[in-house]
1. Which residues make up the longest stretch of the chain clear of GluC sites (Glu not before Pro) that lie in a DSSP loop with no more than 16 other Cβ atoms within 10 Å, not counting the sites?
2. If amide hydrogens are placed 1.01 Å from N in the peptide plane, which non-local residues have theirs closer than 5 Å to the one on Ile120?
3. Counting pairs of Cα atoms in the chain, how many percent are more than 21 Å apart?
4. So which lysines pass the test for Lys126, namely a Cα distance under 30 Å, with those fewer than 8 places away in the same chain ruled out?
5. Around Trp139, with a cut-off of 10 angstrom between Cβ atoms, what is the net charge of the other residues, counting Lys and Arg +1 and Asp and Glu -1?
6. I'd like to verify something in the chain: which complete DSSP H helices, judged by Cα projection on the helix axis, reach 27 Å or more and average at least -0.5 on the Kyte-Doolittle scale?
Amino acid sequence: HAANLSIDAVWAEQREAKNLSQKIAQLTAEMENGYRRSQAFQDSEDPDDFMLGVGIHWDTYFGADKERFHAEESLEDIQQKLQIREFSRESLSGNILQYAKQGISIVHSNLQSCPSGRSIGSQDLKTVIWQGRNQSLHWEDGNFRPSVVACFNSLIAEIDQKFSAYTNKNMAFNIIELLG
C-alpha cells in the first residue's frame, strides 16, 4: 500500500515540476520573441515598418513582458516550488527503492538468492534496484561502495549520461523513471 501511494505521489510531483518548468519557459520565449520581432521591424529603413516595430515593442512591453515581469516577481517563488517538488519527487522515489530493497530482503534474504529479473542494459533488475537504493541513501556522503560505482558506470555507458550525476545528486527518480 505504501509503495502504491509513493508511486502515485512521485508521478504527481513530476507532473507539477514539469508544469512549473514549462510556465517559466513559455513566458520567457514569448517575451524574447516579441522583442526580436520588434527589433527586426525597427531596423528597417521603411518608416511604416519602423512604426510597426515600435507598436510590436509596446505590445510586447504591455503584454508578454508585463506578464513575465509579474511572473518574474514570483519567479523565485516558482523556482522554490520547483525545487521543493523535485526534492519531494526524489525523496518519494528513494522510498520506493527502499520498499523494493526490503521486499528483496524479506522474500529472498539477500541479493544473491533473488532472481535476476529483467535486464537493464547489461545489469539485472535486482542490481539496479539494490544499488539505486544505496546511491539514494548515501549520495550526500559521496563515498560509494564499488558495487554502486559499477552499477552507475554501466548506466552511464549503456543507458544515459544523466546518471553521471550520481556522485552529487540523488538519482532515485531517474532510477524509478528508468524502471517505468
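Quick note: the coordinates plus some simple rules give every number you see, no bench work behind them. If you're wondering where the values come from, they're calculated on a predicted model, not measured in any experiment. Backbone-built Cβ (ideal geometry, glycine too); neighbour counts: all protein chains shown.
1. It runs 46-139.
2. Leu125
3. Value for the chain: 62 percent of Cα pairs lie more than 21 Å apart.
4. Lys18, Lys101, Lys162, Lys169
5. Charge balance near Trp139 sits at -2.
6. Answer set is 75-108.
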